[in-house]
Number of protein chains: 2
Amino acid sequence: MNISVKSEYALKAVFDLASQHMEHRQASPMPPVKIADIAKRQRIPQKFLELILGGLKQSGFVDSRRGAEGGYLLARAPDAITVGDVLRAVENVKVAARNNNDPFAEIWRRVDSAVSAVLDDTTFAELARNWQEKQAQFVPNWDI
Amino acid sequence: MNISVKSEYALKAVFDLASQHMEHRQASPMPPVKIADIAKRQRIPQKFLELILGGLKQSGFVDSRRGAEGGYLLARAPDAITVGDVLRAVENVKVAARNNNDPFAEIWRRVDSAVSAVLDDTTFAELARNWQEKQAQFVPNWDI
DNA sequence: GGAGATCCCTACCAATCCCATCGGAAGCGG
DNA sequence: CCGCTTCCGATGGGATTGGTAGGGATCTCC
């Protein structure tokens, strides 16, 4: 599985937005998250992140508010976005007319479907929840 | 699943050797297969194929005989080589110290094992047999 | 012992991504 | 209107990819 750094950043960005979304108290409307904050938390070069988020917006995963107190937010609920969705949108999917006439066609199909199976059933809500639990395990003194 | 052309060539080369091996009558010892023949059958630039086979030999999958009537042959039986074996040897396997401390570690593990599962249980003997059957289906007049 | 065929090795190259940075324009809130 | 923030196009170095070129080195068969 060859995952480009760019794709990794995209996943981390969506993950960050999902985490922020889920930590937020539902009373007030969710405020946008600034690029600079995401970049700092996820260790992503800020300028690079800008263009990644641009693509992510084009693909309809996130939405943005300009100006002061602007930023990015998720366009859908965190449990309605899977890792596979984001990955397929970000990676330039050059399906390139899979040559059906070679001996490997079958095995590539099998691999693709195996990968999709695991990628398409993990949502970012799940990811964020698991991560929060794991963090709580290592810093369990928060309410003592 | 991002597969480089080079890896594809390597797979095709091993597949070609396996096919030749299985078509050969077992009475006489298997004669080596020439690079030029593999290149022509599998549509691979000959000089490029040379260096790919070199690597494949270094990895222990194939063996070579020099001189007139020389060429390449499999180092193991076709049913003892899986697609995964070849792929891992050819692709520069930069495992790169999987960061265990990110939210995606788990999912990458799951993907890797899913991919390995399908890649490691397909041997080239299987591939060659399936291919021969498929060809026979489309050109069924060979013995009429 | 040649001759011819083959493997082997090093170097090189052009194109294409990949990762990132810069500079400003445009929009929004106070 | 001013500061903050997203947006957008251009640029650029570096690595990788896909391939070429050519000359040995070495083996086998006659």
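What follows draws every value from the coordinates through simple rules; no lab data is involved. These numbers were taken from a predicted model, which means no experiment stands behind them. So basically every Cβ, Gly included, is an ideal-geometry build from the backbone, and we count neighbours across all protein chains shown.
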Filter pass, A:A68 being within 16 Å of DNA strand D (Cβ to nearest atom), without any contact (Cβ under 8 Å) to a residue 24 or more places away in the chain, in a loop (DSSP other than H, G, I, E, B) and not basic (K, R): yes
Qualifying residue in the stretch A:72-79 (condition: within 14 Å of DNA strand C (Cβ to nearest atom), free of Cβ contacts under 8 Å to residues at least 60 places away in the same chain and assigned to a helix (DSSP H, G or I)): no
Complete set of residues in the stretch A:1-26 that are in a loop (DSSP other than H, G, I, E, B), loosely packed, with under 13 Cβ neighbours inside 10 Å and away from DNA strand C (no atom under 16 Å from the Cβ): A:R25, A:Q26
Test result for A:V86, in contact (Cβ under 8 Å) with a residue 60 or more places away in the chain and within 16 Å of DNA strand C (Cβ to nearest atom): yes
Close pairs from the stretch B:10-38: first more than 12 Å from B:L127 (Cα to Cα) and of a type in the set (A, V, I, L, M), partner away from DNA strand C (no atom under 16 Å from the Cβ) and in a helix (DSSP H, G or I), Cβ under 7 Å, at least 6 apart: B:A10/B:V86
Residues of the stretch A:27-41 satisfying the condition of being within 12 Å of DNA strand C (Cβ to nearest atom), loosely packed, with under 15 Cβ neighbours inside 10 Å and not in a loop (DSSP other than H, G, I, E, B): none
Answer from A:I107, A:I52 - the residue that is within 16 Å of DNA strand D (Cβ to nearest atom) and not in a loop (DSSP other than H, G, I, E, B): A:I52
Selected residue [among the hydrophobic types (A, V, I, L, M, F, W, C) and within 18 Å of A:A125 (Cα to Cα)] from A:A89, A:A75: A:A75
Matching option when the condition is within 16 Å of DNA strand D (Cβ to nearest atom) and β-branched (V, I, T), among B:V14, B:V5, B:V83: B:V5
Counted residues, the stretch B:38-77 - those being within 14 Å of B:S7 (Cα to Cα) and of a type in the set (D, E): 1
Within the stretch B:1-56, considering residues that are of a type in the set (F, W, Y) and within 15 Å of the chain's Cα centre (by Cα), the one farthest from the other protein chains (Cβ to nearest Cβ): B:Y9
